[in-house]
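Enquirer: Sharing a structure with you now.
The values are calculated or read from the model by the stated rules, or taken from the named source; none is laboratory data. From a predicted model like this one, the values you see are computed outputs, not experimental measurements. We place every Cβ from the backbone using ideal geometry, glycine too, and count neighbours over all the protein chains shown. Please note that ligands, DNA and RNA were not included when accessible areas were found on the heavy atoms of the full protein model with its side chains. Shrake-Rupley method; radii C 1.70, N 1.55, O 1.52, S 1.80 Å.
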Amino acid sequence: MRPVKGVPTRIASEADARELSLRIVEPSRVHPLLVIATTGRDWVDADELAATLRTTADVFVVPAQWIDAAMHHVPSTGRAFGTAARIYPGKDVPWQQRPHLSRYFTEDTADLAQIVEEVRKVSPGQVERSEASKRTDAARAVATQARHTVVELTSPELVDAFLKRLLAPDRAVPFALVTIAEGQDQPAIDARAVLDTAPGEIEVYVVRSGPLTFRIAGQIGRMASAFGGAGRVYAVGNAWLRDPYTSPLHLVTGPADGRHATDRMVGDALTEVWRARELQRVAMHQPLPGSPPPVRQLTDPLGAYREGDVVLAKVAAVDANHAVLQLHPGIETTITVDDVTGNELDRLDDLMSPEEIVAVRVVGVGAGPAGWRVSMVDVDDDEEPVPTPPVREGGGPWLILDLDAEPSAGPTVQPEVAAAVPAELGPGAPEPLPEPPPAPHPGPGSETSSLRRQLAELTRDRDHWQREARRHDRDAQEQYNQVHALRQELAKVKTRVRKSRTTSGADARSAGPAFASAEDQFRWEVFTAWVERIPAGEKASRPLPRYWIGPDFLASLHRLHGLSPRRVAQTVMELLLDPGSNDAHPLRSGPGGSTSAVRSGESTAWRAYVEHKTPSARRLHYWRGPGGKVELGHVGIHDDLDPGAAPAYLGEGGPLPTGL
């Protein structure tokens, strides 16, 4: 069956009908097909349609007895039957997935001119022009909306327009991308709050996780993209393409993370907007008011920090168990309660507040923006912090610690509000009632007099409600001042509580160990942990078992900065009472589950968690021998697989220090 241009092809056999069915769904077909189903009479002029659509589409007429065979391979939602006509577009239109793109006409609604128009709409040249028009419209929409509102990327065309603007070498403002997690209706990160940091100086986009985020990742790489509810801010320029870590990804893993991620993205947005302004001033040779001309940005802002330094950090986010500290814009690290007080009963959100400036000790130097570890356990008030690097060369310190600052009474009434409050209306003054309207005066011009009286009444009403509005403004400002002052006072109380916790720990350490022997001191810590943890009524039934301490254990413990021996002692106590606690498992000779367990004679090396979900989390290695004997071997970081010296189980291995 070979169609002839300008002439309708009439199906005369089942074989022709089945061939047409395959032609309709052929994936490589370019030109549209018009299929006309009839019941024995020509209800539409197929000859005129074919002549009009000569170079645009092939026209087929299918009698009722062959329509089922002609529709055999066609999806049920895209079939023609009875007295009807259907347009089947070519490969550039996904009509099989979206049946409404295959226009359907019945005898009652068919119009020859309309059928011709609809066929031409899906012709190859018209589809290409339509796609180009979509791309142009998408680019125009993004360009006109992005500076003033959050733009939602809902189509491939909008995503492509976003990518074109994002990757433009002359882009002058930072971009923010916020994603919506699958199964959610709204993003957990407040995109509007990010835009409101500097309206007109940052563009904020929202996209749903799925095919569109894969499209973005396909252009800029997965490491530089965002997905699953996360978000990130892209600085001016394309340096983040080479090093995606310069554009931190802010993950959202739970309901409370949305607010924290929003706060971090707002901080990134402010930083990048400031940098963009700096770059524009440099390009225009305009110095900052009151300062020398800006110079190059710092490439390694924390390069001068060394392990053991006391430095400043800003609290970016905090919850009960974790706090995110910002060492420099774009460089963050996470600490736990163990890094602050070591008391598992403390809550970090009771000890510090967002935006608070704190002093911390560097216990692990990172590489660029990643890998930094800090602790607040052994920081004394009299230690002078290392000056915080500036954001740009030649600038002042990014953070300054003001130890003497006291909570203020909060901001005063805004000048425009204060000026608008009449002097006679002090706080609490009664509101004067509007004066009664004057009595009417009949006579000539009574209509004009009536209008004047109405105008006077309206003016008094206006003045009355203006005074009411000012009163409400004043009350709201006073309440805001009170809330602001209470928040400041709460932040001060948290700081004092935290310092009292860390100071008491420092005082205990400064008093010196309770025993001359390091081994006796550690045994005392384990015994104390048992005393504090096990209730009095259970101590007889849950005694502290014997254990041995290997020759390498204490040395490895003291080599790890920022790790409290008390925390290790608590882990040891828990393992002695419950061998399955702290995710204990046999230590293997290498990474991966296929390696063999480490053994020495009849003893097997085991591994247990000391810290959870922190960078370079510490692990305890110990030996289990015949009869349940335990010998402590080594403390190291996650990647350290050293089990310590082979177990000897020397001495009695009692739970108490010597002499007790």
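Enquirer: Using only the alpha-carbon atoms of the range 216-256 as identical scatterers, what base-10 log of I(q)/I(0) does the Debye formula give at q = 0.28, 0.29, 0.33 Å⁻¹?
Expert: Those come out to -1.00, -1.05, -1.24, one per q.
Enquirer: Which value, in debye to the nearest 20, gives the size of the charge dipole of the range 1-103 about its Cα centre, when Lys and Arg are +1 and Asp and Glu are -1 at the Cβ?
Expert: For this selection, approximately 280 debye.
Enquirer: Let me ask another. If you stretched the chain out fully between residue 117 and residue 241, how much longer would it get, using 0.36 nm times the residue separation minus the C-alpha to C-alpha distance?
Expert: Fully extending the segment from residue 117 to residue 241 adds 40.0 nm.
Enquirer: Within 10 Å, count the other beta carbons around each residue, average over each peptide in 20-26, 463-469, and list them highest first.
Expert: 20-26, 463-469
Enquirer: Continuing with this model, one more query. Leaving out ligands, DNA and RNA but keeping every protein chain, what accessible area does residue 461 have, in Å² rounded to the nearest 10, with a 1.4 Å probe?
Expert: Solvent-accessible area, nearest 10 Å²: 70 Å².
Enquirer: Counting only protein heavy atoms, what percent of the accessible surface of the range 180-245 is carbon or sulfur at a 1.4 Å probe?
Expert: Carbon and sulfur together cover 52 percent of it.
Enquirer: Count charges around residue 122 for me, please; just the other residues with Cβ under 9 Å from its Cβ, Lys/Arg as +1, Asp/Glu as -1.
Expert: Around residue 122, the surrounding residues sum to +1.
Enquirer: Using heavy-atom solvent-accessible surface (probe 1.4 Å) with all chains present, what is the largest-first order of 305, 104?
Expert: 104, 305
Enquirer: Starting from the Cα of residue 148, step 7 Å along the direction of its Cβ; do the same at residue 597; then give the gap between the two resulting points in nm.
Expert: 7.0
Enquirer: Quickly rank 357-367, 645-655, 74-84 as a protection proxy: mean count of other C-beta atoms within 10 Å, highest first.
Expert: Output ranking for 357-367, 645-655, 74-84: 357-367, 74-84, 645-655.
Enquirer: Among all the aspartates and glutamates, which ones have a C-alpha under 14 Å from residue 494's C-alpha, if same-chain residues fewer than 8 places away are not counted?
Expert: Partners found: 319, 346, 349, 350, 355, 356, 406.
Enquirer: Compactness ratio of the range 152-243: Cα Rg over 2.2 N^0.38 Å, N = residue count?
Expert: So the range 152-243 has a normalised radius of gyration of 1.00.
Enquirer: Where does the charge balance sit around residue 548 when Lys and Arg score +1, Asp and Glu -1, over other residues with C-beta under 15 Å from its C-beta?
Expert: So the environment of residue 548 carries a net charge of -2.
Enquirer: Using the scaling law 2.2 N^0.38 Å as the reference, what is the normalised Cα Rg of the range 1-118?
Expert: Relative to the rule-of-thumb radius for its length, the range 1-118 sits at 0.94.
Enquirer: Counting only the heavy atoms of the protein chains, how much of residue 492 is accessible to a 1.4 Å probe, in Å² to the nearest 10?
Expert: My reading of the accessible area for residue 492 is about 50 Å².
Enquirer: Then there is this: At 1.4 Å probe size, with the rest of the protein present, what percent of the exposed accessible area of the range 40-110 is carbon and sulfur atoms?
Expert: 46
Enquirer: Taking a 1.4 Å probe, which of 384, 107 shows the most accessible area, and what order do the others take after it?
Expert: In descending accessible area the options line up as 384, 107.
Enquirer: Rounded to the nearest 10 Å², what accessible area does residue 527 show when all protein chains are kept and the probe is 1.4 Å?
Expert: Here the accessible area works out near 50 Å².
Enquirer: To continue, here is another question. Explain nothing, just the number: dipole magnitude of the range 206-262 about its Cα centre with +1 on each Lys and Arg Cβ and -1 on each Asp and Glu Cβ, in debye rounded to the nearest 20.
Expert: So the dipole magnitude of the range 206-262 works out to roughly 120 debye.
Enquirer: Counting Lys +1, Arg +1, Asp -1, Glu -1, what net charge surrounds residue 40 among other residues with beta carbon under 15 Å of its beta carbon?
Expert: Neighbour charge sum, excluding residue 40 itself: 0.
Enquirer: Between residue 217 and residue 472, take the C-beta separation as r, use R0 = 56 Å, and let me know the FRET efficiency to the nearest 0.05.
Expert: E(calc), rounded to 0.05, equals 0.65.
Enquirer: Quick check: with the 1.4 Å probe, what order do 319, 578 take by accessible area, largest first?
Expert: 578, 319
Enquirer: Could I ask something else about it? Where the centroid of each part is defined by its Cα atoms, how far is the range 43-92 from the range 202-269 in Å?
Expert: About 48 Å separates the Cα centre of the range 43-92 from the one of the range 202-269.
Enquirer: Another question, then. Can you run phi through the Karplus equation (6.51, -1.76, 1.60; θ = phi - 60°) for the range 152-167 and list ³J(HN,Hα) in whole Hz, with x for Gly and Pro?
Expert: 8, 8, 10, 8, x, 5, 5, 4, 5, 5, 4, 5, 4, 6, 4, 8
Enquirer: Further, regarding this structure: Using a Förster radius of 25 Å, what is the FRET efficiency between residue 76 and residue 47 based on their Cβ-Cβ separation? Nearest 0.05, please.
Expert: With a Förster radius of 25 Å, E is 0.25.
Enquirer: Could I ask something else about it? In straight Cα distance, which aspartates and glutamates are under 20 Å from residue 91, not counting same-chain residues fewer than 8 positions off?
Expert: Of all the aspartates and glutamates, those that pass the test against residue 91 - Cα under 20 Å, at least 8 places apart if same chain - are 19, 26, 58, 117, 118, 128, 131, 157.
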